[in-house]
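Worksheet: the structure to be examined is printed underneath.
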Amino acid sequence: MSTVEGMGGMRQAEPKPPANLRFSWDDLPAATAHLAGTGGELRAELDDFIVSEIPSYLPSGDGAHAYAHVEKRGLTTMDIVSALAQHGVPRRSVGYAGQKDKYAVTRQWLSVPAEHTTALEALDAVDDVTLLETSRHRNKLGLGHLRGNRFSLRVRNPSDGWQPLAEAILACLRQVGLPNYFGPQRFGYFNTNIADGLRLIGGEKMRGDRRMQRFFVSAFQSHMFNLLLKARIERGLFPAVLSGDMAQKHDTGGIFVVEDAAAESERSRRLEISATLPMFGKKVRLSGGDAGALETELLSEFRLEYPRFRSVQGARRISRIRLDDATLTAAPDAYIIDFTLPKGAYATALMRELMKASDVR
């Protein structure tokens, strides 16, 4: 800590913001930290990580937009957008519900204006792309137009006796919920987006277009969410709700303000409700009560005041995920886990709990 000279002589300067502005699973406590993991290797081959999008709706068969259900291997969603652009489709005209991992086999829907139907059909000739189905619909497919994703993941070379370990972890997560951490994919290949986002929120001017700057700020918002969730787990508050929390009902999605924390925490322990945590921004108010005190404490650690976030949108994100349908299957020198997650959730958050590895991506 440096010192500065004031009217009364030498005094200590205010502390600098936390130095840890990089994502690491080692910094984020697991909900099942008391249970040993299976170890093993994830993504040894493309077929070890299979993701199938669960759409909010299926195309009706009629309308001004052409839809295609595609399977791609080792390609990002943006790779498909680029392939369509080579066939004359404006990038902004391509609709998709979410972006998928590159090192995986992924299946998702895309849309283009109907006059570009032949461009969609041409995807079948692109290496590592298979056109599964085509249709039509009245509207462009938009970001978030999905319920979630179905995963089938293979963990190779787990430790001996992996099955009881994995089953114990899943049993615990079914009881307390899966921490809804943002995974490493959110923070950029070089893991520097968080620091760049803090600089932008702090008012610094940076190079790059607005789209890239939004990525940086979003990474910092996501980091702050992770730190709030970390604080709750470390303080034994993960299965509870606090006064002032905005809690969400798992069954209906309804959100309400927690006034009687003791009574609502009983519902939370039954996984009927969970706290939502803020991704700071102008559309999200600071919570009241004990929940707001935690949020203010975190902002203070970064020497930030809430008005700094008025230039970004903000949102609330549920802190826990119910893990209702995870199943394990033994395979030669491996195990396969199949499960469903809601949109915006990261499969790596679950695999980190199972494997207890810090390099899960």
How many residues are in a loop (DSSP other than H, G, I, E, B) and aromatic (Phe, Trp, Tyr) when one looks only at segment 237-270?
1
Which of the residues spanning segment 77-92 are more than 18 Å from Glu121 (Cβ to Cβ) and under 22 Å from the mean Cα position of the chain (by Cα)?
Thr77, Met78
Working only within segment 202-236, note down all residues that are farther than 30 Å from Ala263 by Cβ, free of Cβ contacts under 8 Å to residues at least 40 places away in the same chain and in a loop (DSSP other than H, G, I, E, B).
Glu204, Lys205, Met206, Arg207, Gly208, Asp209
Among Leu299, Leu328, the single one that is in a helix (DSSP H, G or I), in contact with a Phe, Trp or Tyr (Cβ under 7 Å, 6 or more places away or on another chain) and not β-branched (Val, Ile, Thr) is Leu299
Quick test of your reading of the structure: Arg11 fulfils all but one of (1) in a loop (DSSP other than H, G, I, E, B); (2) modelled with pLDDT under 95. Name the failing condition by number.
(1)
Just need a number here: residues in segment 59-96 that are of a type in the set (A, V, I, L, M, F, W, C) and within 28 Å of Thr329 (Cβ to Cβ).
2
Just give me the residues in segment 82-92 being in contact (Cβ under 8 Å) with a residue 12 or more places away in the chain and either surrounded by 18 or more Cβ atoms within 10 Å (Cβ to Cβ) or among the basic types (Lys, Arg) (or both), in sequence order.
Ala83, Leu84, Val89
Test each condition in (1) over 30 Å from Gly61 (Cβ atoms); (2) buried (at least 20 other Cβ atoms within 10 Å of the Cβ) for Leu120 and report the one that comes out false.
(1)
Of the candidates Leu286, Leu341, the one satisfying the condition of being closer than 30 Å to Asn20 by Cβ, assigned to a strand (DSSP E or B) and touching a Gly at 6+ places or on another chain (Cβ under 6 Å) is Leu341
It is to be established whether one or more residues within segment 311-330 are surrounded by 18 or more Cβ atoms within 10 Å (Cβ to Cβ), among the polar types (S, T, N, Q), touching a residue at least 60 places away in the same chain (Cβ under 8 Å) and within 29 Å of Leu170 (Cβ to Cβ).
yes
Go through segment 138-149 and give me each residue that's surrounded by 16 or more Cβ atoms within 10 Å (Cβ to Cβ) and more than 28 Å from the chain's Cα centre (by Cα).
none
Residue count for segment 94-122, restricted to those that are in contact (Cβ under 8 Å) with a residue 40 or more places away in the chain, closer than 26 Å to Gly188 by Cα and of a type in the set (S, T, N, Q)
2
Could you tell me which numbered condition Gly144 fails, if it satisfies all but one of (1) on the phi > 0 side of the Ramachandran plot; (2) free of Cβ contacts under 8 Å to residues at least 60 places away in the same chain?
(2)
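The values are calculated or read from the model by the stated rules, or taken from the named source; none is laboratory data. No experiment lies behind these values; they were computed from the predicted model shown. Cβ sites come from the backbone with ideal geometry, for glycine too, and all protein chains shown count toward neighbours.
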